[in-house]
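A quick write-up on the structure given underneath.
The values are calculated or read from the model by the stated rules, or taken from the named source; none is laboratory data. Remember, predicted model here, so these are calculated numbers, not experimental data. A quick note on method: Cβ atoms are made from the backbone with ideal geometry, for glycine too, and the neighbour counts reach across all protein chains shown.
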Amino acid sequence: MSALVNSRDPSYGQLERVLTAQKTAAQNAVRRKGERPRDLQPRSRCVDEYTMAALSNKMNNMESGHMMMTTVIGNPYPPSVTPLKDLEKVMIKDLTLETHHRGTYLLLRFICPAMRMSAVMNVAEDEAGTAIPFAVYMQEPESVRTAESILKDKRVIILKEPYFKLGTNGQYAVQVDHPSDITWLSEDDTRIPTKWKASDANTGTLWSAMEYFEAIELYSRAMRSSLTAEEAEILHNNRALANLRIDAFEAALNDISFVSNREHRLEKGLYREALALYGLERYTEAVEVLELLVCKYPESTSGKHELARSRLRLAEQETGSYDFKALYKATKLRPPRMDNATYKGPIEIRESKGRGRGLFTTLPVKAGDLLLCEKAFAYCFTTPQEEKAKTSSKTLSRSSYLMDIPHNRITVGTHADLIPAISNKLYRNPSLAPTFEDLFHDDYEGAKCVLIDGAPFLVARTMLPNAFGSPLTSKHMIDNPGSYNRDSGIGLGTLGIWTLASYVNHSCYSNCRRAFIGDLQIIRAARDMPADTELTFSYVTHQEPAELNKILLKGWGFQCDCIICVDDRETPLAQKIQRQKLIRATSGTSTKKKLELIEQLNSTYQRPSTEVPRLQTWDFHFSLVEEFAERSETNKEVIEQVLACFESVGFVIQGARLSPITSSTITIERWGLPHDKATRAWLTLRNVYNLLGKHDLADQAKEFARMNWMLITGEDMTFVYDNPTRT
Ligand SMILES: C[S@@+](CC[C@H](N)C(=O)[O-])C[C@H]1O[C@@H](n2cnc3c(N)ncnc32)[C@H](O)[C@@H]1O
């Protein structure tokens, strides 16, 4: 799942210093809590300092070509839920430090060009002309909405129950962690003092400039004038389109329902209603609306196109059949968000003893069966290394780190973008809130507040244990191993939330496997399983059990109790040291010596590998497979070593050996751990059988190879079996 930063990360030292500075600042701030500062800067000085900071931010980014985004989460607090009419206006000079000013509000106007750091920033003034730095978190990335369009110069807002903060650099600022605490005043709002009224509002160009947020505001303003029913319908349909463009699907549906009877809606209304339903993944309803549209307006080509698209989604949802060729093609999109539906196979959420809830099979399943193909609920993509290298040097690269002060941990990835992405999605589509809110959130009770307003802190708390890191595609990771490096975090910056996959609990001895194609997560059974089996996969890629458990404890608050971890805890330290020594000794030695070393290595394990898989020994057996395969007279040894690979990870395979009696069927009596290199191992076996004329066995080995490829990439369309040079 998402990656914690470890001491091998090249930025670790710098990040630790930032985390320490943040912690010290938080402690200093606590000491001054409740104090009303007497040294607020004069307006002009405040503006000058902000302008200098904005310039230096820009210069730093330009010089290094790299932007390091750090998002800090402190102790969560709930958003303001008091109606504005019950709040009393205060001025900036009345604010006290580190205080949530419950029961009050500020009327503010921005007075500089906005800038984006971890937050969107500006300087705000009140009616008395007192100015203060202002920061709002949880906003869309710059590519979706510019800082300037959020905290636009001269824009007026009401900030409910403001939070006045002492920053890391000792500067005072008003900080907004819940965007819903802000009431954005449109230019004709009567609450704007006359002296702040803008005189040069230009409304004509906004729509063509695709400023959807402002277009929505303009349409809303126009709706307040007296209109005929026909004009009002047109305005509502137009605002629905602007809402669709910012993914506010529920607001779009509200606009469309201005004409309450669907039968009476205009073509545009029906079309936009269907798009909104599609955006909410309500494909059955989208199909219903589009069937009505094409019946009422048979000449509508876009209606017919959308109907076909929605029917495809419905089929995916119901049958789990996907066009993988089209999926790979779509991964060229940036971000690679797939236009596909989620398929939920024979699985359901149930209680899992000692682990909260988990995902269970409802029917017997076979190895390779598709259990879930889930579209991301939220997804933030990081460009793969080799693509970054190709882009112009003028483009800023970006690393995002999340500093979790209460838990004293740093996480790498696109959290800085994922938190606002989730927050905004929920804010704009509240009906989706329960899906996210129900996810695991530990002892953190505040998650319920998500329902009120998509509160970001609460989102961050729920997001952290549930976010998955993902490659562009799992196949891309196999084909470009250099682009993904767990130690440096390279290539692992893409993060997403998959709300069903999130219910899968961890086990090192996993029974299913996840793969990714863009923002689709594909989970397949890694063994035959009866109904009512709990699905598990590993949250962390291969590590020594002790190291892995440290990560699990820090990131997810539990220790794994699978047989691999239990066995490791029971193994005496001296034996583990001996094991490591032997593992190191095996590289670069002769075949004969390797065989001896492997025998010694195996004697350091207390339980048989069929009971406790030995991931560390796979590679040594596999290196022998390759050495023997080069000498074609050693077919028997190749078969033995391939089988030793599988046995080392827990498989019990019958009928694969050629003596004493040659069988015609390979049976997997017990499934072990899925392994990335297992495809190649099965194909090596297939080649040997073919050389020996055992074509029945060869076909079966090829079939197991296909199955493994499907597990690790999610599909078998790209399975290549003629020249098994790859995994
Ligand atoms: C992503 S959630 C998994 C779903 C979660 N069990 C639920 O009830 O929603 C991760 C959390 O599940 C629990 N968990 C997962 N695997 C576990 C395991 N093997 N043993 C104990 N707890 C586990 C931990 O509390 C962990 O922080």
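The single condition among (1) more than 16 Å from the ligand (Cβ to nearest atom); (2) closer than 25 Å to Val540 by Cα; (3) in a loop (DSSP other than H, G, I, E, B); (4) of a type outside the set (Phe, Trp, Tyr) that Gln559 does not satisfy is (1).
In the set (1) at pLDDT 85 or above; (2) surrounded by 15 or more Cβ atoms within 10 Å (Cβ to Cβ); (3) closer than 23 Å to Tyr50 by Cα, the condition left unmet by Thr146 is number (1). Residue count for the range 491-533 under the criterion of being within 14 Å of the ligand (Cβ to nearest atom) and part of a strand (DSSP E or B): the result is 9.
Residues are listed down the side, and each one gets a yes or a no for (1) crowded, with 17+ Cβ neighbours inside 10 Å; (2) at pLDDT 95 or above; (3) within 23 Å of the chain's Cα centre (by Cα); (4) within 24 Å of His236 (Cβ to Cβ):
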| site | (1), (2), (3), (4) |
| --- | --- |
| Thr284 | no, yes, no, no |
| Lys296 | no, yes, no, yes |
| Gly303 | yes, yes, no, yes |
| Ser310 | yes, yes, no, yes |
| Leu327 | yes, yes, yes, no |
| Asn340 | yes, yes, yes, no |
| Gly345 | yes, yes, yes, no |
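Against the conditions (1) more than 30 Å from the chain's Cα centre (by Cα); (2) crowded, with 22+ Cβ neighbours inside 10 Å; (3) closer than 22 Å to Leu55 by Cα, Asn122 satisfies every one except (1). Per the conditions (1) closer than 18 Å to Tyr212 by Cα; (2) at pLDDT 95 or above, the sole criterion not satisfied by Asp247 is (2). Screening Asn635 against (1) touching a residue at least 40 places away in the same chain (Cβ under 8 Å); (2) under 30 Å from Glu570 (Cβ atoms) leaves a single unmet condition, (2). In the set (1) touching a strand residue (DSSP E or B) at 6+ places or on another chain (Cβ under 6 Å); (2) away from the ligand (no atom under 16 Å from the Cβ), Lys594 fails one condition alone, (1). How many residues, within the range 138-158, are outside any helix (DSSP H, G or I) and closer than 15 Å to Trp184 by Cα? Here the count works out to 9. So is Arg569 among the basic types (Lys, Arg), away from the ligand (no atom under 16 Å from the Cβ) and either modelled with pLDDT of 90 or more or not assigned by TED's automatic domain parsing to the domain that holds Leu643 (or both) or not? Here the answer is no, as Arg569 does not meet what is asked. Counting residues in the range 255-278 that are surrounded by 15 or more Cβ atoms within 10 Å (Cβ to Cβ), touching a residue at least 40 places away in the same chain (Cβ under 8 Å) and in contact with a helix residue (DSSP H, G or I) (Cβ under 7 Å, 6 or more places away or on another chain) gives zero. Only one of the numbered conditions (1) under 37 Å from the mean Cα position of the chain (by Cα); (2) β-branched (Val, Ile, Thr); (3) in a loop (DSSP other than H, G, I, E, B) is not met by Thr662, and that is (1).
Looking at (1) surrounded by 22 or more Cβ atoms within 10 Å (Cβ to Cβ); (2) more than 11 Å from the ligand (Cβ to nearest atom); (3) of a type outside the set (Asp, Glu); (4) within 23 Å of the chain's Cα centre (by Cα), can you tell me which one Gln543 breaks? Checking Gln543 against (1) surrounded by 22 or more Cβ atoms within 10 Å (Cβ to Cβ); (2) more than 11 Å from the ligand (Cβ to nearest atom); (3) of a type outside the set (Asp, Glu); (4) within 23 Å of the chain's Cα centre (by Cα), the one that fails is (1). Filtered by the rule that a residue be touching a Leu at 6+ places or on another chain (Cβ under 7 Å) and under 21 Å from Ala525 (Cβ atoms), the range 680-701 gives a lone residue, Ala701.
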